[in-house]
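Visitor: Please read through the structure below; I'll follow up with questions.
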Amino acid sequence: AQKITQTQPGMFVQEKEAVTLDCTYDTSDQSYGLFWYKQPSSGEMIFLIYQGSYDEQNATEGRYSLNFQKARKSANLVISASQLGDSAMYFCAMREHNAGGTSYGKLTFGQGTILTVHP
Amino acid sequence: DSGVTQTPKHLITATGQRVTLRCSPRSGDLSVYWYQQSLDQGLQFLIQYYNGEERAKGNILERFSAQQFPDLHSELNLSSLELGDSALYFCASSSRTSSRETQYFGPGTRLLVL
């Protein structure tokens, strides 16, 4: 089964509008971390935002916020006031602890969503 | 700039050859991770090192190996290269192996096997 599912292969948004990129995950761990990365056409992977499974509040970083719904196992990224420079591939990723509580640290990635911002 | 450096940026080689990809983690980071990004497989975890020791292995082929040196830089060795090994190879680093620690990625090495 897919551990991270991003159901939107592509999304379009008008400049200055908000957009939500969906991510659902599957884990039996109680302690885990969820991450979003941005990959522009140049190829680098840029960290955007982190949400811990025990965090009570949704994470925010500037124009990025994470809509974390633990019971639904979803961690959607919200980008407010989209800019042309936001056009990129966006990846949701999860980092789990093993049963012993020591994380091996690897990230499991979704397939990504290509976001295109129109002027 | 993430602080993680990778060399070379681009690599073109032939099938059957061997290449070495190099990664320097962010200052102070003890963990190094290698990932492969290909069109058909997406982003896949290959292997992790922590302070010189191997900590975890993912879907890494037997033709691939890695190590982390005392100065914490890491090398990924790919041998008997096949066309299907063409991909973008990322190194990432973090300071602790806990779920709160963010992995910062290098710019990647784009490998093309002809």
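The values are calculated or read from the model by the stated rules, or taken from the named source; none is laboratory data. The shown structure was predicted, so the numbers you read here are calculated from the model rather than taken from an experiment. Every residue, glycine as well, gets a Cβ built from its backbone with ideal geometry; the counts of neighbours run over all protein chains shown.
Visitor: Condition (residue is part of a loop (DSSP other than H, G, I, E, B), acidic (D, E) and within 14 Å of another protein chain (Cβ to nearest Cβ)) applied to region B:87-108: is it met by at least one residue?
Guide: Keep residues of region B:87-108 that are part of a loop (DSSP other than H, G, I, E, B), which gives B:95-103, B:106-108.
From the residues that got through so far, the ones that are acidic (D, E) too are B:101.
This time we only want the ones that are within 14 Å of another protein chain (Cβ to nearest Cβ), so: B:101.
Looking through region B:87-108, at least one residue is part of a loop (DSSP other than H, G, I, E, B), acidic (D, E) and within 14 Å of another protein chain (Cβ to nearest Cβ).
Visitor: Only one of A:Y90, A:Y37 is touching a Gly at 6+ places or on another chain (Cβ under 7 Å), of a type outside the set (V, I, T) and under 27 Å from B:H10 (Cβ atoms). Can you tell me which?
Guide: Just one listed residue meets the conditions, A:Y90.
Visitor: A further question follows. Examine region B:19-42 for a residue that is over 28 Å from A:Q6 (Cα atoms) and among the β-branched types (V, I, T), and state whether such a residue exists.
Guide: Filtering region B:19-42 down to residues over 28 Å from A:Q6 (Cα atoms) leaves B:19-30.
Going one step further and asking which of them are among the β-branched types (V, I, T), we end up with B:19-20.
Scanning region B:19-42 turns up at least one residue that is over 28 Å from A:Q6 (Cα atoms) and among the β-branched types (V, I, T).
Visitor: Right, next: If you go through region A:3-40 one residue at a time, how many are in contact with a Ser or Thr (Cβ under 9 Å, 6 or more places away or on another chain) and more than 17 Å from A:S82 (Cα to Cα)?
Guide: Taking region A:3-40 first, the residues in contact with a Ser or Thr (Cβ under 9 Å, 6 or more places away or on another chain) are A:3-19, A:21-27, A:29-35, A:40.
Imposing the further condition that a residue be more than 17 Å from A:S82 (Cα to Cα) reduces the set to A:3-9, A:23-27, A:29-35.
Qualifying residue count, region A:3-40: 19.
Visitor: Looking only at region B:47-56, decide whether some residue is surrounded by fewer than 19 Cβ atoms within 10 Å (Cβ to Cβ) and either at pLDDT 95 or above or within 12 Å of the chain's Cα centre (by Cα) (or both).
Guide: no
Visitor: Taking region B:1-30 on its own, how many of its residues are charged (D, E, K, R), farther than 15 Å from B:D85 by Cβ and either crowded, with 17+ Cβ neighbours inside 10 Å or in contact with a Ser or Thr (Cβ under 9 Å, 6 or more places away or on another chain) (or both)?
Guide: Taking region B:1-30 first, the residues charged (D, E, K, R) are B:1, B:9, B:18, B:22, B:26, B:29.
Retained after the next criterion (residues that are farther than 15 Å from B:D85 by Cβ): B:1, B:9, B:22, B:26, B:29.
Next cut, either crowded, with 17+ Cβ neighbours inside 10 Å or in contact with a Ser or Thr (Cβ under 9 Å, 6 or more places away or on another chain) (or both) only: B:9, B:22, B:26, B:29.
Here the count works out to 4.
Visitor: B:N59 versus (1) within 11 Å of chain A (Cβ to nearest Cβ); (2) of a type in the set (S, T, N, Q); (3) surrounded by fewer than 21 Cβ atoms within 10 Å (Cβ to Cβ); (4) outside any loop (DSSP other than H, G, I, E, B): which is the lone unmet condition?
Guide: Looking at each condition in turn, B:N59 falls short on (4).
Visitor: Take A:Q8 and decide whether it is closer than 30 Å to B:Y49 by Cα, in a loop (DSSP other than H, G, I, E, B) and either touching a residue at least 40 places away in the same chain (Cβ under 8 Å) or not aliphatic (A, V, I, L, M) (or both).
Guide: Values: closer than 30 Å to B:Y49 by Cα: no; in a loop (DSSP other than H, G, I, E, B): yes; either touching a residue at least 40 places away in the same chain (Cβ under 8 Å) or not aliphatic (A, V, I, L, M) (or both): yes.
So A:Q8 does not fit the description; no.
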